[in-house]
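Enquirer: Structure incoming, see below.
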Amino acid sequence: MTALIAGLARRLISEKLLDHQQAITASANAHKIGTSLAKYLIHEKLLDQRSLALIVADEYGLPILELDAFDPHSCPEKLIDIELIERHQVLPLAVRSSRLTVALSDPGDQIVLDELGFHTGLTVETVVVEQGKLLTAIEDYIQRQGRGYTAIDSASDLGMDNIEIDSNRNQETEEELDSSDETPLVRFINKLLIEAIKVHASDIHFEPYESLYRVRFRIDGVLHEITQPPVKLSTRLASRIKIMAQLDISVKRLPQDGRIRIRLEGNKLIDLRVNILPTLWGEKIVLRILDPMSNKIDIDTLGMETIQKECFSRALRASQGLILITGPTGSGKTSSLYSGLKQLNTTEKNICTVEDPVEINIEGINQLAVNSKAGLTFSCALRSILRQDPDIIMLGEVRDLETAEIVVRAAQTGHLVLTTLHTVSAAASLSRLRSIGIAPYNLAGTVSLIIAQRLARRLCNNCKESIELHEKVLIEQGFDPLQLDTLKLHKAVGCDYCKDGYSGRVGFYEVVPISDCLSRIIMKDGPTSRISEHIKKSGLLSLREAVLLKVAQGLTTLEEANRLT
């Protein structure tokens, strides 16, 4: 703050708007009464407001706005407390995506921007206006809004009721939640949760660092910074989230896992998976938002090509075998697993799952969450499940040899088993199981289908634009030369209905049924390169070919294809 005031003082001297002694005296007086140099100069009428606004805007590299040409009725309503607007002399102008634009006469006060960001949960951007015009506009804004507004109303602006924590607590916890000292913090976190749900974020990251604290949303697989609360609030934010997840607020040096269930308008329930990790500068918290619509996903909505969908359905109809779904974290493997289970979920089938944790609840399926602290591991749970005569078993992930051996044995003895691996391709998943310790002959006789997958950001239909690229470039990217005459590519633009030109995600897949020929290659312990070569010769779509097909269909961009493959 001092550096910025000194910088402005020097600038005013160089522009001959103040002499050296006037600048020193004004700076000292401003510091004495606890205000900024710009506000002091305006208050004492030592400078023309127009001239000062131009200098301030140029000094801080900000645009200057003529409020006379701005429509005051377009200002967002009930976003900032009237008390904050009056105290800091700011005027909210517009909200676009997660960014709030405000007008002020003195952008050098970073504390003001931090407080606005904290109370709104938005990234604050500023424009400079003349002080007199700003005060007149603020007075008109307040008269239109009235004085009955409180920060909690901002949640209703999003079209949802204030959230309620849907769990049992004792009276002591209720009192802590209701304490007046925590009220602004409660409002801030509630607003963040509602905003994350509104923009379809999959994760919320609370991240402490030495000199800043930031909150980011993962939207369509990409992290976006949303706000930077004051660093001094990091401990209180962590404690509030721990209370919501019913975790131990006194534990700060060990990781913790929990769950929050919140209730929205119309008794709509949203589950949040909470993970707290102690880091160098405090506790990093990640909230995974479990999509309540996930249990409505089926094979037809995954985005597979017709022949890929038929291969998946055929493998699901088999009475036994092992179906592997592979891909990195966040590639949609869980959705694919549950779409298959949904197709299999009939009264004639006994379906059991072992997960860490259970992410999607489906009636008719026996779901078990592992609990390592209690001794309930994947392998232990699988042994117990096999004694319950299951027809179909779903295992969240194969992580070690013991679990892999039980999975293979179950698939060999009349059970259909679905599970996941973290590998980059279908061929690499076989190598991974061999490296874990599974014999090639067991793999050859057990694995029936391998699906490798990714999720690409889906183009926004409202703003996408057509582009043209040179034929040589398209061929180098992997497009079939025979497609070029009819090929139409699009680019992401960005509008009020999307995030950076994308809205939602679309899956693309490499689906590999284990044929007799491929089974013989596996039996002979063929390397990954030979398995990949055989898959290519079989005419099956690779991940690269599958995503280029989505590009050609106008569902995503070539940039997304290159980012993911």
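Enquirer: Given the conditions (1) of a type outside the set (Ser, Thr, Tyr); (2) surrounded by fewer than 20 Cβ atoms within 10 Å (Cβ to Cβ); (3) under 30 Å from the mean Cα position of the chain (by Cα), and given that LEU91 satisfies all but one, which numbered condition is not satisfied?
Expert: Of (1) of a type outside the set (Ser, Thr, Tyr); (2) surrounded by fewer than 20 Cβ atoms within 10 Å (Cβ to Cβ); (3) under 30 Å from the mean Cα position of the chain (by Cα), only one is false for LEU91: (2).
Enquirer: Run ALA410 past the list (1) closer than 23 Å to ARG261 by Cβ; (2) at pLDDT 90 or above and report the number of the one that doesn't hold.
Expert: The number of the failed condition is (1).
Enquirer: Mind checking whether some residue in the stretch 342-361 is within 20 Å of the chain's Cα centre (by Cα), on the phi > 0 side of the Ramachandran plot and in contact (Cβ under 8 Å) with a residue 12 or more places away in the chain?
Expert: So far as the stretch 342-361 goes, no, none of its residues is within 20 Å of the chain's Cα centre (by Cα), on the phi > 0 side of the Ramachandran plot and in contact (Cβ under 8 Å) with a residue 12 or more places away in the chain.
Enquirer: Being within 32 Å of the chain's Cα centre (by Cα), aliphatic (A, V, I, L, M) and either more than 27 Å from THR347 (Cβ to Cβ) or crowded, with 23+ Cβ neighbours inside 10 Å (or both) is true for just one of VAL447, VAL398, VAL408. Which residue is that? Give the derivation first.
Expert: On the way: VAL447 fails: within 32 Å of the chain's Cα centre (by Cα); VAL408 fails: within 32 Å of the chain's Cα centre (by Cα).
Being within 32 Å of the chain's Cα centre (by Cα), aliphatic (A, V, I, L, M) and either more than 27 Å from THR347 (Cβ to Cβ) or crowded, with 23+ Cβ neighbours inside 10 Å (or both) holds for just one of VAL447, VAL398, VAL408, which is VAL398.
Enquirer: Give me the pairs, please: first residue somewhere in the stretch 110-137 and closer than 21 Å to LEU67 by Cα and of a type in the set (S, T, N, Q), second residue anywhere and modelled with pLDDT of 85 or more and crowded, with 20+ Cβ neighbours inside 10 Å, beta-carbon distance under 7 Å, and either six or more positions apart or on two chains.
Expert: THR126/VAL102; THR126/LEU104
Enquirer: Right, next: Condition check: under 29 Å from TYR441 (Cβ atoms), touching a residue at least 24 places away in the same chain (Cβ under 8 Å) and in a loop (DSSP other than H, G, I, E, B). Does SER313 satisfy that? Even if it seems obvious, please write down each step before you answer.
Expert: Numbers: under 29 Å from TYR441 (Cβ atoms): yes; touching a residue at least 24 places away in the same chain (Cβ under 8 Å): yes; in a loop (DSSP other than H, G, I, E, B): no.
When the stated conditions are applied, SER313 does not pass them.
Yes/no matrix, rows are residues, columns are (1) of a type in the set (D, E, K, R); (2) surrounded by fewer than 16 Cβ atoms within 10 Å (Cβ to Cβ):
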site	(1), (2)
HIS470	no, yes
LEU482	no, yes
LYS488	yes, yes
LYS491	yes, yes
CYS498	no, no
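Enquirer: Could I ask something else about it? If you take just the helices (runs of 4 or more DSSP H) that sit entirely in the stretch 426-486, which of them hold at least 1 residues that are of a type outside the set (Asp, Glu), farther than 29 Å from TYR502 by Cβ and out of contact with any Ser or Thr (no Cβ under 8 Å at 6 or more places or on another chain)? Break it down stepwise before answering.
Expert: Numbers: elements: 426-436, 440-446, 471-477.
Output list reads 426-436, 440-446.
Enquirer: Additional query: Kindly establish whether ALA561 is part of a helix (DSSP H, G or I), closer than 30 Å to ALA492 by Cβ, touching an Asp or Glu at 6+ places or on another chain (Cβ under 7 Å) and in contact (Cβ under 8 Å) with a residue 60 or more places away in the chain.
Expert: Values: part of a helix (DSSP H, G or I): yes; closer than 30 Å to ALA492 by Cβ: yes; touching an Asp or Glu at 6+ places or on another chain (Cβ under 7 Å): no; in contact (Cβ under 8 Å) with a residue 60 or more places away in the chain: yes.
Criteria not met by ALA561.
Enquirer: Turning to a different aspect of this structure: Kindly indicate whether any position in the stretch 505-518 is assigned to a helix (DSSP H, G or I), at pLDDT 90 or above and in contact with a helix residue (DSSP H, G or I) (Cβ under 9 Å, 6 or more places away or on another chain).
Expert: Yes, because at least one residue in the stretch 505-518 is assigned to a helix (DSSP H, G or I), at pLDDT 90 or above and in contact with a helix residue (DSSP H, G or I) (Cβ under 9 Å, 6 or more places away or on another chain).
Enquirer: Here's a follow-up. Would you confirm whether any residue within the stretch 189-199 is in a loop (DSSP other than H, G, I, E, B) and either at pLDDT below 85 or open to solvent by 60 Å² or more (accessible area, probe 1.4 Å) (or both)? Spell out how you get there, then give the answer.
Expert: Of the stretch 189-199, the ones in a loop (DSSP other than H, G, I, E, B) are 199.
Keeping just the survivors that are either at pLDDT below 85 or open to solvent by 60 Å² or more (accessible area, probe 1.4 Å) (or both) gives none.
No, the stretch 189-199 contains no residue that is in a loop (DSSP other than H, G, I, E, B) and either at pLDDT below 85 or open to solvent by 60 Å² or more (accessible area, probe 1.4 Å) (or both).
Enquirer: If you don't mind, another one. Looking only at the stretch 343-363, filter to residues that are open to solvent by 50 Å² or more (accessible area, probe 1.4 Å) and modelled with pLDDT of 90 or more; which one of those is nearest to THR403 (Cα to Cα)?
Expert: For the stretch 343-363, the residue satisfying everything is LYS349.
Enquirer: It is to be established whether one or more residues within the stretch 86-106 are touching a helix residue (DSSP H, G or I) at 6+ places or on another chain (Cβ under 6 Å), of a type outside the set (Val, Ile, Thr) and assigned to a helix (DSSP H, G or I).
Expert: So far as the stretch 86-106 goes, yes, one or more of its residues are touching a helix residue (DSSP H, G or I) at 6+ places or on another chain (Cβ under 6 Å), of a type outside the set (Val, Ile, Thr) and assigned to a helix (DSSP H, G or I).
Enquirer: Further question on the same structure: Taking interchain pairs and intrachain pairs at least six residues apart, which have beta carbon atoms under 8 angstrom, with the first residue in the stretch 507-524 and without any contact (Cβ under 8 Å) to a residue 24 or more places away in the chain and closer than 19 Å to ALA318 by Cβ and the second assigned to a strand (DSSP E or B) and among the aliphatic types (A, V, I, L, M)?
Expert: Correct list of pairs: LEU518/VAL512.
Enquirer: Kindly list, by first and then second residue, each pair from a residue in the stretch 461-484 that is aliphatic (A, V, I, L, M) to a residue that is open to solvent by 60 Å² or more (accessible area, probe 1.4 Å) and part of a helix (DSSP H, G or I), limited to pairs with Cβ atoms under 8 Å and residues at least 6 apart or on different chains.
Expert: Close Cβ pairs (under 8 Å, with a partner that is open to solvent by 60 Å² or more (accessible area, probe 1.4 Å) and part of a helix (DSSP H, G or I)) amount to ILE475/PRO481; LEU484/GLU471; LEU484/ILE475.
Enquirer: While we're here: Select, from ALA57, ALA53, ALA26, the only residue that is open to solvent by less than 70 Å² (accessible area, probe 1.4 Å), aliphatic (A, V, I, L, M) and in contact with a Leu (Cβ under 7 Å, 6 or more places away or on another chain). Steps first, please.
Expert: Details: ALA57 fails: in contact with a Leu (Cβ under 7 Å, 6 or more places away or on another chain); ALA53 fails: in contact with a Leu (Cβ under 7 Å, 6 or more places away or on another chain).
Exactly one of ALA57, ALA53, ALA26 is open to solvent by less than 70 Å² (accessible area, probe 1.4 Å), aliphatic (A, V, I, L, M) and in contact with a Leu (Cβ under 7 Å, 6 or more places away or on another chain), namely ALA26.
Enquirer: Could you tell me whether the stretch 255-268 includes any residue that is more than 21 Å from GLU363 (Cα to Cα), at pLDDT 90 or above, open to solvent by less than 30 Å² (accessible area, probe 1.4 Å) and not in a loop (DSSP other than H, G, I, E, B)? Explain how you work it out, then say what you get.
Expert: Taking the stretch 255-268 and keeping what is more than 21 Å from GLU363 (Cα to Cα), we get 255-258, 264-266.
In the following step, the residues that additionally are at pLDDT 90 or above were identified as 255-256.
From what is left, the residues that are open to solvent by less than 30 Å² (accessible area, probe 1.4 Å) are 256.
Pick out the ones that are also not in a loop (DSSP other than H, G, I, E, B) and you get 256.
Checked the stretch 255-268: at least one residue is more than 21 Å from GLU363 (Cα to Cα), at pLDDT 90 or above, open to solvent by less than 30 Å² (accessible area, probe 1.4 Å) and not in a loop (DSSP other than H, G, I, E, B).
The values are calculated or read from the model by the stated rules, or taken from the named source; none is laboratory data. Source: prediction; values computed, not measured. Counting neighbours? That spans all protein chains shown, and the Cβs are built from the backbone with ideal geometry, glycine included. Protein only, heavy atoms only, side chains kept; ligands, DNA and RNA dropped before computing areas. Shrake-Rupley method; radii C 1.70, N 1.55, O 1.52, S 1.80 Å.
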